[in-house]
Amino acid sequence: MDIYPSGSSFPIEQLICANRFGTFFGVPQHVFDRVWGQLTRPDGNSIAYVSMEIGADPDVLHPVRDWLEQKRIKGHANPRIDGFVRKYIFGPRKIPNYSGGLGVLAGDTLKSFADMHVPVLAISLLYREGYFSQIVDSKIGQIDYATRWTPESTPTLFQLRNPEAPDQPLVLEIPFYNGQLNPTVVKAHVWMKLEIAAELDSFVPEFLIDYSLPDAPLWVTEPAYQLYNAKSVIIKANQRRMLGFAILPLLETLGCTPRTIHLNEQHGITVTLSLILQELHDTFGEAALDQIADADILAAAERVSRKIVYTIHTPVKAGHDRFSRELYSGISHGAFQRILNLLAHDEDESHEYNFTAMAMRINRAVNSVSRLHRDVTRKQFPAFADKIKAITNGVHHLTWISAQRAACFDRIPSLRAWRTDPSCFGAITGQEAAALAPMLDAAWRTDNRLLIDYANAMLKSHREQMVETWIDPPNHLSSLPEAEWFRPGVFTIGFARRFSTYKRADLIFDDICRLADILIALNRPVNFLFAGKAHPADEPGKSVLKLILDNQEELYVRSRGLGKLVFIPGYDMQIAKLMVSGVHAWLNSPKRPLEASGTSGMKAAMNGVPNISIMDGWWVEGYHGGQTGWKFGYEGPVEDADLSEAPDALLYTEDAAAFYQILPAILESFYDRPESYLECALNNLRLNIPIFNTHRMAAEYVAQYGLRLPRELEESIARFRRLYQSEEGTMP
Ligand SMILES: *Cc1c(COP(=O)(O)O)cnc(C)c1O
């Protein structure tokens, strides 16, 4: 994809940049100095964005590699530059530091900050075994194993160096309190990923803290290796502390001065313990700590809360950290416990600390991730209802629009600036839409063929693997002759996301006979492509995944070969991109109102792909009265919302029946009235790209950050805000 219409022309030597922490590759030195200068200004005019996970795989967006390809640079006489070029062209393409939507949202957000030149740095952890890699066996279901990857050979990642001894890595010293007043100092290295703007004229540095040092104790390495390691509560608690306690030492070591910390979920909330303690030290001195009153602690917390912006991402219980007071007393000290007793107490469970409640108490702004989620969050946390606001999520349009679709957009005059300004899709004229329709149709066919080729190649490799390994192929189709496999042009429904029970991946197979009868009655074939991972400790989630495997043969047989269901193992951002652009409809079947936002449906909409969705999360805002897709299932008011995930409260029968009711109309539209189906696709471009992109979302956050920005940037942010204000909408 040619993403540099305006040229960025400079010699490759200029992509090398350096400061006292190392030598980097990807932006010119003057760009590096400008950004670093902004992040270290004495007046603190920048933001630290803290997230347990960041998903930004180079295989879905990699501006530097694209630049090299566009300039046809494959090597260089200078061995140092040659090393960078080869690493960027041939290096691995995955940074498996994410589990799902939360991480991908973080990555997309940071890319938009980079594109828009907002002064932001990000902080997360580096997981040497990633989240986990997934094998799927038809008899066993999901099998997880550690992800093998090497940060050392991964492009866009750089280990920071010690300024005093540049051949040594930079070492952070991070204090932990394990029951005593004197800290245990834990050492960590720091990796920097450069999230580089499309034009190579800015970047957001992501600092990944690497605790997996050879001589580190087990209590540090166990939580450090794997994201969301849930082997024990103490591992989980330590993982959160490793994020929260690293923030201040990192900023201080690098000389970064952000005035505001944005907590993307409450995982990093322990940073507020350090900040409150710092305030108390500054006011009362070290010695007086045990004489201060509760009111002093609360006053310090009040000052700290002015530094914190907090985004809550889910109403689902598993997403919120609670730890027993007893456990925590072994991993904190008296002062921290007093702070926690005052600020992390749980209204219902007096023996627990509730870190979501703590995040609700210590901030200057709380954001939810859609309008409906705002209303649900207010209901869940009535004491904070007044300050809970909506900033509806988005996705990074340059990451998720396929190369084929991008080439179409480049040919439409009013979309000239679509790469920098995704709101321009709202201005497509009728004449342009008529010109775009056949191009979009052709691009869609190509993307569908790419997906189908991928799925068939997968079936083939599974069949071959069966001979070589003990794994039973996860898909019934691979046991059938190749003539029965996928063909392009058949209506293809995609579903891919984490396998949590509330997402109900198996909803539409609740009554397979009825589903099969619909296909037979209309005599129309349908492909169902599914993907996603269940957390290794989530047994119910793994059972749902297994059901997807178990349903395949029955659907195929009962529908007389018209319904083909397959599971694509190893879901990641690259498979996501292939799917959201290659399918004909994107299915979203959560139990309302538990899907706070959902973002995969937005990725589909970016490509013009209609959604078939429960009225939950972003879809309440993206549905536009049926112009952009279909809705089905329960849509009762939030006041009546049942947040239970108990199996008998998941409304399978009712919502599945609602899906079967609308399916014939969808199939008729696709097969018999393709022009109306294409109209729906164009509506997605026109109505949904301008809203559900991270540039618009970033603009809404920036308005809360209180930064002083150059006039030009202020103006473009104001323009995005005029276009859409998440907070304005009321829910039906
Ligand atoms: C977008 C994305 C998700 C999030 O999907 P939801 O619909 O929000 O659940 C999860 N995993 C990957 C790899 C993604 O790209």
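Of note:
- So Arg498, is it assigned to a loop (DSSP other than H, G, I, E, B), modelled with pLDDT of 95 or more and either under 17 Å from Ser600 (Cα atoms) or small (Gly, Ala, Ser) (or both): yes
Per-residue answers, yes or no, for (1) closer than 27 Å to Met579 by Cβ; (2) in contact (Cβ under 8 Å) with a residue 40 or more places away in the chain; (3) of a type in the set (A, V, I, L, M, F, W, C):
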| site | (1), (2), (3) |
| --- | --- |
| Glu347 | no, no, no |
| Ala357 | no, no, yes |
| Arg361 | no, yes, no |
| Val369 | yes, yes, yes |
| Ile391 | yes, yes, yes |
| Thr399 | yes, yes, no |
| Ser402 | yes, yes, no |
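- Test: residue in region 15-33 that is more than 25 Å from Thr147 (Cβ to Cβ), buried (at least 20 other Cβ atoms within 10 Å of the Cβ) and of a type in the set (S, T, N, Q): no
- Given (1) touching a residue at least 40 places away in the same chain (Cβ under 8 Å); (2) more than 28 Å from Glu700 (Cα to Cα); (3) surrounded by 15 or more Cβ atoms within 10 Å (Cβ to Cβ), number of the condition Asn78 does not satisfy: (3)
- So Phe670, is it assigned to a helix (DSSP H, G or I) and in contact with a Ser or Thr (Cβ under 8 Å, 6 or more places away or on another chain): no
- Looking only at residues of region 576-603 that are of a type in the set (S, T, N, Q) and within 8 Å of the ligand (Cβ to nearest atom), we find that the one that is farthest from the chain's Cα centre (by Cα) is Asn588.
- For region 687-705, residues that are more than 13 Å from Asp421 (Cα to Cα) and in contact with a His (Cβ under 6 Å, 6 or more places away or on another chain) total 1.
One line per residue, one yes/no per condition, for (1) farther than 24 Å from Ala657 by Cβ; (2) out of contact with any strand residue (DSSP E or B) (no Cβ under 6 Å at 6 or more places or on another chain); (3) touching a residue at least 40 places away in the same chain (Cβ under 8 Å):
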position	(1), (2), (3)
Ala585	no, no, yes
Leu594	no, yes, yes
Gly601	no, no, no
Asn607	yes, yes, yes
Pro610	no, no, yes
Gly617	no, yes, yes
His624	yes, yes, yes
Gln627	yes, yes, yes
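- Checking each residue in region 106-131 for being within 30 Å of Lys546 (Cα to Cα), touching a Leu at 6+ places or on another chain (Cβ under 9 Å) and either polar (S, T, N, Q) or surrounded by fewer than 22 Cβ atoms within 10 Å (Cβ to Cβ) (or both) picks out Glu129, Gly130.
- Single residue of Val136, Val186 found to be in contact with a Gly (Cβ under 9 Å, 6 or more places away or on another chain), more than 23 Å from Arg65 (Cβ to Cβ) and buried (at least 17 other Cβ atoms within 10 Å of the Cβ): Val136
- Residue check: Phe486 meets all listed conditions (1) away from the ligand (no atom under 16 Å from the Cβ); (2) at pLDDT 95 or above; (3) not in a loop (DSSP other than H, G, I, E, B); (4) not basic (Lys, Arg) but one, namely (3).
- Scan region 529-557 for residues that are more than 30 Å from Asn97 (Cβ to Cβ) and surrounded by 19 or more Cβ atoms within 10 Å (Cβ to Cβ) and the total you get is 4.
- For beta carbons closer than 6 Å, sequence separation of 6+ or different chains, a first residue in region 297-312 that is closer than 23 Å to Val369 by Cβ and a second that is in a helix (DSSP H, G or I) and among the small types (Gly, Ala, Ser), the qualifying pairs are Tyr310/Ala359.
- Candidates Ile54, Ile81: the one that is more than 28 Å from Gly103 (Cα to Cα) and β-branched (Val, Ile, Thr) is Ile81.
- Of all residues in region 357-388 being within 20 Å of Gly268 (Cα to Cα) and out of contact with any strand residue (DSSP E or B) (no Cβ under 8 Å at 6 or more places or on another chain), the one that is surrounded by the most Cβ atoms within 10 Å (Cβ to Cβ): Met358
- The listed residue being of a type in the set (A, V, I, L, M, F, W, C), within 26 Å of the chain's Cα centre (by Cα) and surrounded by fewer than 22 Cβ atoms within 10 Å (Cβ to Cβ), out of Ile312, Ile235: Ile235
- Flag if Asp510 is within 13 Å of the ligand (Cβ to nearest atom), touching a residue at least 60 places away in the same chain (Cβ under 8 Å) and out of contact with any Gly (no Cβ under 7 Å at 6 or more places or on another chain): no
- Residue under evaluation Arg463, criteria (1) more than 16 Å from the ligand (Cβ to nearest atom); (2) farther than 20 Å from Leu587 by Cα; (3) in contact (Cβ under 8 Å) with a residue 60 or more places away in the chain, criterion not met: (3)
- Test: residue in region 711-718 that is under 25 Å from Glu432 (Cβ atoms) and at pLDDT below 95: yes
- Output for region 271-312, where each listed residue is hydroxyl-bearing (Ser, Thr, Tyr), in a helix (DSSP H, G or I) and farther than 18 Å from Arg241 by Cα: Thr283, Ser305
- Yes/no for Ala390 being in contact with an Asp or Glu (Cβ under 9 Å, 6 or more places away or on another chain), under 17 Å from Val609 (Cα atoms) and modelled with pLDDT of 95 or more: no
- Residue match in region 449-456 (condition: in contact with an Asp or Glu (Cβ under 9 Å, 6 or more places away or on another chain), at pLDDT 95 or above and either closer than 16 Å to Ile135 by Cα or in a helix (DSSP H, G or I) (or both)): yes
- Boolean, Lys542 is basic (Lys, Arg) and away from the ligand (no atom under 16 Å from the Cβ): yes
- Helices (runs of 4 or more DSSP H) wholly inside region 315-433 that include at least 1 residues being among the hydroxyl-bearing types (Ser, Thr, Tyr): 325-329, 355-361, 371-380, 397-400
- Only one of the listed residues (Gly103, Gly55) is part of a loop (DSSP other than H, G, I, E, B) and either on the phi > 0 side of the Ramachandran plot or buried (at least 16 other Cβ atoms within 10 Å of the Cβ) (or both). That residue is Gly55.
- Lone qualifier among Gln725, Gln627 - being out of contact with any helix residue (DSSP H, G or I) (no Cβ under 7 Å at 6 or more places or on another chain) and among the polar types (S, T, N, Q): Gln725
- Scan region 16-32 for residues that are of a type in the set (D, E, K, R) and touching a Cys at 6+ places or on another chain (Cβ under 8 Å) and the total you get is 0.
- Any hit, region 125-134, residues being more than 16 Å from the ligand (Cβ to nearest atom) and either among the aliphatic types (A, V, I, L, M) or not in a loop (DSSP other than H, G, I, E, B) (or both): yes
The values are calculated or read from the model by the stated rules, or taken from the named source; none is laboratory data. Nothing here was measured: the structure is a model prediction, and the numbers come from that model. With ideal geometry, Cβ positions are generated from the backbone for all residues, glycine too; neighbour counts draw on all protein chains shown.
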